[in-house]
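S.K.: I have a structure here, written as structure tokens, and I will follow up with some questions on it.
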Amino acid sequence: MADIACDQKVGPEVIPEATELSKVAVDEAAALPKGTIDPVYEAKARVLNHAIQEIGMGWYQWQLFIVVGFGWANDNLWPIVTSLILPPIASEFNVTRPPFLTLAQNIGLLAGAMFWGFGCDLFGRRWAFNLTLGVTAVFGMIAAGSPNFAAIGCFAALWSFGVGGNLPVDSAVFLEFLPGSHQFLLTILSIDWALAQVIATLIAWPLLGNLTCSETAKTCTKSENMGWRYFVITMGGISLIEFFIRFVCFTVFESPKFHMGKGNDEKAVEIVHEVARRNGKTSTLTVEDLKACEPAGEIIQQQTDTTAAIKRNLQKFNLAHIRALFATWKLAFSTTMIMIVWAFIGLGYPLYNAFLPYIQATRGAEFGDGSTYLTYRNTLIIAVLGVPGCLLGGAMVEIKRFGRRGTLSLFTILTGVFLYASTTATTSDALLGWQCAYNFCSNILYAVLYAYTPEIFPTKDRGTGNALTATANRVFGIMAPIVAMFANLKTSAPVYTSGALFIAAGLIVIVLPFESQGKASL
């Protein structure tokens, strides 16, 4: 095994259907300056990857697929919670700037992504994997007792701090146990993202619909407005149950790469064999296979201290990897454009979606039927339309001569078009129809975007590319509530702005130079 993995060569002949992108990836891999990575760590990582591929997809990975889905669900569940409770909170506390709640949430998401993303290399994936849900659950339930708007804003930031770690940690845990042949399952996980919105709105309908002050009420007391408090406790309880299942009912093994990175090769091998046993198979991996990657008689040694762990995580931001994504005009254009697409969507999506119930309530009041019950019933209908959207997106990307770019461009533009169309509604039913169309298209958009983005980056620079796009998305997401405050949510200005951003992003997708359909991921 060591001979296969440690002496692996990279060349055009091992990449099927080599394109300009794959040739650049190979050339850049050979041109990486020495010292930019820990060579022993990289060699041992290849051995472990080969061992996991040898074991294949089995019972342990399928169980992991389910519990990792909790993280994907929470990543959408809690931002939806924030948007759903915004109208009753604004009424109860007589808030003049409701978007401050969304701003607190987005700051927490960014801080959480940074802390847990780097922290899992220090105290382990397993602890981060469990604690993100635990932190979310605890602060979510405590938030129900908030006496004022400032308190709920603080707790929203704290529960979002836990939520922000879900995707970076859960994807790392899943990928490090997932055979390369089954990495498409990361895309399938988006179904949990859509289902979370349905669950949140399904529970919100009776609680917020019946136990919330009317939009037209002149005063709103705590006793008349307990729905949002019961709702937040319920959502926190769901996260707590998920935490219990992860922590007690399912044994999540620490990542073999984490142990190997700390110099504990024996433990890494032990975990690989335990995963194989769970899958009813055996592994040929031995400690000697990993030790064979340590050059005898040379100065090069594996770096196993805490500083080295941080350094490896910081490789995502290594200038050599960033330069590789801008090595040619075509690559530079592709990287820049996909970052802009993520930035525009990062601003446009929360600018509208985070304030959707608020917009529905205020517009419904104008139409004479702005009851909270009707608002949350309509929100549930809109959410349900997202589930088939995810499934349709997965099918459309395989249509020949249409592919990822065609699907992504079409439904990004349609998302913006339907947002503009919603401003023409003169009844709540018309508004509901346009919003259903918007949510259907936006879910296809996200399903394709999450799959297409990593496919157009070379393997060795994929982490850097994903980090750049995610950063652009989160930073512009923080700007959304600031724009909303100055644009005035009671007008159509935020909707116009959001629609324009989606249409612009869709047009940019048309000019992206790479189509990944039918080509092996580099």
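S.K.: Could you calculate the contour length gain from THR336 to TRP59, that is, 0.36 nm times the residue separation minus the distance between their Cα atoms, to one decimal place in nm?
M.R.: Stretched out fully, the THR336 to TRP59 stretch lengthens by 95.7 nm.
S.K.: Still on this structure, please answer the following. Between LYS400 and TYR230, what's the calculated FRET efficiency when r is the beta-carbon distance and R0 is 45 Å? Round to 0.05.
M.R.: 0.35
S.K.: Could you list, in their original order, any pairs among LYS281/LYS400; LYS291/LYS330; LYS330/LYS400 whose Cα atoms are separated by more than 31 Å?
M.R.: Long pairs (Cα-Cα over 31 Å): LYS281/LYS400; LYS291/LYS330.
S.K.: Just order 327-338, 442-453 by mean Cβ neighbour count inside 10 Å, highest at the front, would you?
M.R.: 442-453, 327-338
S.K.: Got a sec? Which residues in the range 271-288 would a label at ASN264 touch, if it sits 7 Å along Cα→Cβ and we count backbone N under 13 Å?
M.R.: Residues 271-272 qualify, since their backbone N sits under 13 Å from the label point.
S.K.: May I ask you to derive the relative contact order of the range 35-293, considering only C-alpha pairs under 8 Å and at least 6 residues apart, and to give it as an integer percent?
M.R.: For the range 35-293, the relative contact order is 32 percent.
S.K.: Moving on. On a full-extension model of 0.36 nm per residue, what is the gain between ILE241 and PHE326, subtracting their alpha-carbon distance, rounded to one decimal in nm?
M.R.: Between ILE241 and PHE326, full extension yields an extra 26.1 nm.
S.K.: Let me ask something else. Apply the Karplus curve 6.51 cos²θ - 1.76 cosθ + 1.60, θ = phi - 60°, to the phi angles in the range 471-482 and return the couplings in whole Hz, x for Gly and Pro.
M.R.: Values, residue by residue: 5, 4, 5, 5, 4, 6, x, 5, 6, 4, x, 5 Hz.
S.K.: I'd like to check one number: the per residue accessible area of the range 35-293, probe 1.4 Å, reported in Å² as a whole number.
M.R.: Normalised by residue count, the accessible surface of the range 35-293 is 37 Å².
The values are calculated or read from the model by the stated rules, or taken from the named source; none is laboratory data. In this text, all values refer to a predicted model and were calculated from it rather than measured experimentally. Backbone-built Cβ (ideal geometry, glycine too); neighbour counts: all protein chains shown. Remember, those area values only see protein heavy atoms, side chains included, never the ligands or the DNA or RNA. Shrake-Rupley method; radii C 1.70, N 1.55, O 1.52, S 1.80 Å.
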